[in-house]
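To start, the structure itself, in structure tokens.
We did not get these values from a lab; they are worked out from the coordinates using the rules stated. None of these values were measured; they are calculated from a predicted model. Note that each Cβ is placed from the backbone with ideal geometry, even for glycine, and that neighbours are counted across all protein chains shown.
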Amino acid sequence: MVKKNHTCPDADNQGFMHNEGFPSGDGHPDCGDGPCANVTDEGGDGGDNSSEVSAAREAEEWKDKYMRLQAEFDNYRKRTLREKQDLVAFGGEDIIKELLPVLDDTDRALEAMRKTDDIESVRTGIELVSKKLQDALKAKGLSEIPAVGSDLDTDLHEAIAKFPGDKKQRGKVIDVVQKGYKLRDKVVRHAKCVVGE
């Protein structure tokens, strides 16, 4: 049987017969009956490959940005949680510092009470300590809720008893069992009152 030779139409292979100069099976392309394909092309156009690389790079950049943002948010969350815990634990530190001198005066007054029989000087000392305490609390925004003689206001007062009185005293606070206080505009303790009826 005669082996059929054919010419590959590829420009680089013009004039070469299928079997000329190549041993069978040593890297020689088998063109079959059609045109020889360029064996170096794998997957087509090189432009598509560069756009894939660019898209992969952009995706990596966005992933990096996302990871950094997530880490920053996690740090922010931990920091604010720690600040809240510190605020709860040490929020009263400034008022405590203001009250320490009052505590010192109270200790001195107690010591003076043990050593003297002069009741008048002890009374004067206690009044001074009480005024110093009131001034320290007032500087921090604490104020006493006015009660006696005013109309009962359930936002400020708590009626714990009623007492028969004349028409002028009806619905008014006639006595205070326990003083009430506001911290700036917020009621921290209602005044416990006796109300006329």
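FRET efficiency for the pair D185 and R57, taken as 1/(1 + (r/R0)^6) with r the Cβ-Cβ distance and R0 = 41 Å, rounds to 0.10. Fully extending the segment from D74 to L128, taken as 0.36 nm per residue of separation minus the present Cα-Cα distance, adds 14.2 nm. Here the 3J(HN,Hα) profile of the range 169-179, calculated from phi with Karplus coefficients 6.51, -1.76 and 1.60 at θ = phi - 60°, is 8, 5, x, 10, 7, 9, 7, 10, 7, 9, 5 Hz, Gly and Pro shown as x.
Taking 19 Å as the straight-line reach from the Cα of K162, the lysines in range (excluding those fewer than 8 positions away in the same chain) are K172, K179, K192. Once the Cβ-Cβ distance of D166 and D135 is raised to the sixth power relative to R0 = 30 Å, the FRET efficiency obtained is 0.20.
Close amide H pairs (under 5 Å, H built 1.01 Å from N) link G171 with G196, E197, residues at least 5 positions away or on another chain.
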